[in-house]
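Peer 1: The structure that follows is given in the form of C-alpha cells.
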Amino acid sequence: MTERKTSSDKTVLYFLLVWGLANLVQSYFTELHPDEAYYWLYSRFLDWGYFDHPPMVALFIRTGDSLFHNELSLRLLTVFSSTFSWWLLWQIVKKYQVEARWFVLVVSSVSIFHIFGFTTTPDAPLFFFSTLFYFFYQQYLEKDKPLFAILLSLSLAGALYSKYHAVLLVVFTLMANPKLFRRKSFWLVAALTLILFLPHVFWQISHGFPSVKYHLFERSATHYRFEFTGLFLIGQLFMAGPLVSWFWYKQIARFRSTDIFTRTLLFNFVGTLLFFLANTLKVAVQPHWTLIGFLPFVLLVSISLQNKPKPKWLQPLLYINLLLLLLMRLGLMVKNPVSMKIGVVKSYFGNPEWTETIRKKAGNAPVIFPDNFQNPSWYSYYSNSLRGFAYDSRFYRRTQFDIWPLEDSLQQKRVYYVTDQPLQQIKNDTLNTAKGVFYGAWIDQLRTYQKILVEANVKEIQTFPGKTIHLNLKITNPYTKPVNFSNASQQHKVVLRAYLMQEDSVLSNQLAPSNFNQIQLKPGESKFLPFDLKLPLQKGNYTLLFSVITPPFAGPRSSPFIQIHVQ
C-alpha cells in the first residue's frame with residue numbers, strides 16, 4: 001500500500017511539474033488579457049477594496065510585478081498557487097482511493113483550469129483559497145480542533161478577499177452540513193472570518209457600497225434574453241471540457257455521496273451551477289464565473305471513477321480533448337489566421353505595438369479613452385506608467401477609474417484623447433495601430449466632472465402625461481479640491497442635462513437652469529438646485545438620468561437612475 005501511495009504521489013508530482021512549466025511558458029509568451037491589465041492598475045493603488053472586486057488579486061500581481069515587469073511576473077504567483085492547489089486537491093481525493101492517473105486525466109481535461117492556471121484575475125486567488133478551504137475542511141470534519149478552525153477561517157477570509165463568489169462556498173457548505181452550527185468551534189470560525197473581513201466592509205461603507213450597487217443593481221439587464229441562458233449552458237459544457245464534459249456531468253448526476261464531505265462537494269457544485277443559471281434571468285453570466293464550482297466538480301468526477309470500469313473510448317477521447325486544449329493555448333501565444341478570427345483571442349495580440357504607436361504621438365502626456373476600461377489599462381501597463389485614463393460616460397458603466405484620484409490630477413492639463421471613431425469639430429490624428437485604426441486629438445486645459453454626484457429628492461415617480469415635476473437636486477463635490485461650475489474664462493463649457501430614456505434609447509434631454517453655473521462647492525460640500533422636469537405626453541415607463549457634461553466628452557452617469565411611470 002505504501003509503495004502504491006508513493007508511486008501515485010510521484011505520478012501527480014511529475015504531472016504538476018509539467019503543468020507548472022507549461023503555465024510559466026504560457027505566461028511569458030501570452031500578452032495580457034484586458035482584465036489582467038486592469039487589475040495591474042489595482043496593484044498600483046493598493047487598498048482594502050475596489051469598485052469591482054475585493055483586493056486579493058492586487059496583492060497577487062504586486063508580489064510578482066515587484067520582481068520585474070513583464071507578463072510572466074504579473075502571473076507568477078498565479079502559476080505557483082494553482083500548481084500547489086492541485087497537490088492539495090490530490091491529498092483530498094487520494095483518501096477515496098482515487099487513481100493518480102485518472103486524477104491527472106480529469107484535471108487536464110477541464111478547459112477552465114487551462115485558462116486560469118496562468119490568467120491572473122480575482123478567480124486565481126479564489127481558486128487557491130477555496131482549495132485551502134476544502135483541504136482544511138476535510139480535516140476539520142475529522143478533528144474538531146481550534147487549529148483547524150483557525151486555518152479554516154484564514155482560508156475563508158482569503159477567499160472572500162479574492163471574489164464575492166466565495167459567499168457561495170459558505171452558503172452551500174452550511175446547507176450541506178447544518179450540524180456545523182452545533183459545534184462551538186464553528187462560531188470561532190465565523191467570528192474570526194468576520195473580524196478578518198471587516199477592513200473591506202469598512203472600505204465599502206466609506207465609499208458608499210460601490211461593489212454592492214454595481215453587482216446587484218447596475219449590471220442587471222432591463223429585460224430577459226434567451227441567449228443569456230443558452231450561452232451560459234454552452235459555456236459550461238466548454239468549461240468542463242469540449243469533448244468530455246457531457247460524460248463528466250453524467251458521472252456527477254449518478255453520484256451518491258458517501259459522507260458529509262462528498263455531500264458538501266455535491267452541494268457546492270450543483271448549488272453554484274444553479275445559482276448562476278438563475279442569474280441568467282437578469283444578467284449575462286460569464287462562463288468562468290462558475291470556477292468556484294469546478295473545484296468540487298473535479299473532486300467528484302475523480303471519486304466517481306474510482307474502482308469502476310471505464311468505457312474503452314474514454315481514455316483516447318481524453319487525449320484528443322487535451323490536444324484541442326493545448327492547441328487553444330498555443331493559439332494564445334502564436335499569432336495565426338484562426339486566432340485572429342476569434343474576438344476574445346484576437347485581443348491578446350498587438351498590445352505593446354498599439355501602445356507604442358499611441359505613445360509616440362502622445363509622448364508623456366496623459367491619454368484618455370472613452371467608455372472602455374480595457375484600453376487605458378493596456379496603455380498604462382505596456383507603457384509602465386499611470387498615463388492611461390478611462391472616461392466613463394453615461395453610455396457606459398462605472399469602473400474603478402471613477403474612484404481613483406487619476407481624474408483629479410488631470411484637470412487643466414493638456415491631454416491626448418483617443419477614440420475608435422473620428423471626433424467631431426476637433427482636429428483628428430489618424431492612428432494606424434496593430435489593433436486597427438484609432439483617432440487622436442489634443443485637448444488643452446482639460447475640464448471634467450466625472451465624480452460629481454447629483455441626487456434627486458425622489459427615487460421613483462408616478463405621474464400623468466405632459467405633467468411638469470418639480471425636483472430638488474442635491475449636487476455633491478466628492479473631490480479634495482473646490483469645484484466651480486462657472487463658464488467664465490473657461491475654454492470648455494459645463495452644463496447639467498437631464499436625459500429621459502426608454503429601454504436604451506434617449507427620447508429627450510433637458511438643460512438645467514443657468515443658476516447651475518453659479519454653484520461653487522468646497523470639498524465634500526453639497527448644494528441644492530431646483531429643476532422642473534417636463535414629462536412626455538405618451539404613457540409608459542421611462543428612466544431619468546442626470547449628467548454633468550463638458551464637450552467633447554459625452555458626460556458621465558452623474559446620478560442614479562430614476563424610474564418614471566407615466567400612467
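Quick note: the coordinates plus some simple rules give every number you see, no bench work behind them. Because the structure is a prediction, the values reported are computed rather than measured. Please note: Cβ atoms are built from the backbone with ideal geometry, for glycine as well, and neighbour counts cover all protein chains shown.
Peer 1: What would the Debye equation give as log₁₀ I(q)/I(0) for segment 2-333 at q = 0.07, 0.11, 0.16 Å⁻¹, counting only Cα atoms as equal point scatterers?
Peer 2: With no solvent term, the Cα-only Debye profile gives -0.28, -0.73, -1.63.
Peer 1: Using Cβ contacts closer than 10 Å as the measure, can you line up V270, V57 from fewest to most? Before the final figure, lay out the partial values.
Peer 2: Working: V270 17, V57 30.
In increasing order of surrounding Cβ atoms, one gets V270, V57.
Peer 1: In nm, what is the difference between 0.36 nm times the number of residues separating K312 and H288 and their Cα-Cα distance?
Peer 2: Contour length minus the Cα-Cα distance gives 5.6 nm.
Peer 1: Sorted by mean Cβ packing within 10 Å, highest first, what order do the peptides 279-290, 125-136 take? Working shown, then result.
Peer 2: Working: 279-290: 16.8, 125-136: 23.9.
In descending order of packing, they fall as 125-136, 279-290.
Peer 1: Shifting gears a bit: What's the local net charge at T463, with K and R +1, D and E -1, over the other residues with C-beta under 12 Å away? Working shown, then result.
Peer 2: On the way: positive: K467, K534, K539; negative: E460.
Here the count lands on +2.
Peer 1: For the modelled label position 7 Å from the Cα of Q567 along Cα-to-Cβ, which residues of segment 442-470 have backbone nitrogen atoms closer than 20 Å?
Peer 2: Residues 458-470 qualify, since their backbone N sits under 20 Å from the label point.
Peer 1: Per 10 Å bin from zero, what fraction in whole % of the C-alpha pairs of segment 351-443 is there, up to the bin with the longest pair?
Peer 2: The calculated distribution, bin by bin, is 17, 54, 28, 1.
Peer 1: For N509 and H470 in one chain, what is 0.36 nm times their gap in residues minus the Cα-Cα distance, to one decimal in nm?
Peer 2: On the way: separation 39, 0.36 × 39 = 14.04 nm, distance 1.59 nm.
Additional length available on full extension: 12.4 nm.
Peer 1: Straight-line reach from K361: which lysines fall under 17 Å, measuring Cα to Cα and dropping same-chain residues less than 8 apart?
Peer 2: Within reach: K413, K427, K435.
Peer 1: Run the quick spin-label model on L330 and N279: label points 7 Å from Cα toward the beta carbon, then report their separation in nm to one decimal.
Peer 2: 3.5 nm
Peer 1: Ranked highest first by the average count of other Cβ atoms within 10 Å around their residues, in what order do 142-149, 346-353, 116-123, 79-86 fall? Present the calculation step by step, with values, prior to reporting the outcome.
Peer 2: On the way: 142-149: 13.4, 346-353: 17.0, 116-123: 24.5, 79-86: 20.1.
Descending packing order for the listed peptides: 116-123, 79-86, 346-353, 142-149.
Peer 1: Between I234 and L194, what is the label-to-label distance in nm when each label sits 7 Å out along the Cα-to-Cβ direction?
Peer 2: Spacing of the two 7 Å Cα→Cβ label points: 4.5 nm.
Peer 1: Which value results for Rg/Rh of segment 523-565 when Rg is the Cα radius of gyration and Rh the Kirkwood radius based on the inverse mean 1/r? Write out the running numbers ahead of the final one.
Peer 2: Values: Rg = 13.4 Å, Rh = 12.9 Å.
Rounded to two decimals, Rg over Rh is 1.04.
Peer 1: Beta carbons within 10 angstrom, averaged per residue: use that to sort the peptides 33-39, 321-327, highest first. Mind dumping the intermediate values first?
Peer 2: On the way: 33-39: 22.6, 321-327: 14.9.
In descending order of packing, they fall as 33-39, 321-327.
Peer 1: Follow-up. Under the Kirkwood approximation for Rh and a Cα-based Rg, what ratio Rg/Rh is obtained for segment 402-484? Kindly include the intermediate steps, with their values, before the conclusion.
Peer 2: Values: Rg = 19.1 Å, Rh = 16.6 Å.
Rg/Rh: 1.15.
Peer 1: Filter the cross-link list K282/K539; K10/K310; K10/K143; K213/K451; K94/K308 down to pairs whose alpha-carbon distance in this structure exceeds 19 Å.
Peer 2: On the way: K282/K539 25 Å; K10/K310 23 Å; K10/K143 28 Å; K213/K451 16 Å; K94/K308 15 Å.
Cα-Cα > 19 Å for K282/K539; K10/K310; K10/K143; rest within.
Peer 1: Add -39500 (n - 2.57) for each DSSP H run of 4 or more in the chain, then divide by its residues: what number comes out at 222 nm, to the nearest 500 deg cm²/dmol? Please report the intermediate quantities before stating the final value.
Peer 2: Numbers: 20 runs with 268 residues, N = 567.
The helix-only estimate for the chain comes to -15000 deg cm²/dmol at 222 nm.
Peer 1: Right, next: Dividing the Cα radius of gyration by the Kirkwood radius, what Rg/Rh value follows for the chain?
Peer 2: Values: Rg = 26.4 Å, Rh = 26.3 Å.
With Rh from the inverse mean 1/r over Cα pairs, Rg/Rh is 1.01.
Peer 1: To continue, here is another question. Excluding T357 itself, calculate the net charge of residues whose Cβ lies under 12 Å from the Cβ of T357, where each Lys or Arg counts +1 and each Asp or Glu counts -1.
Peer 2: +1
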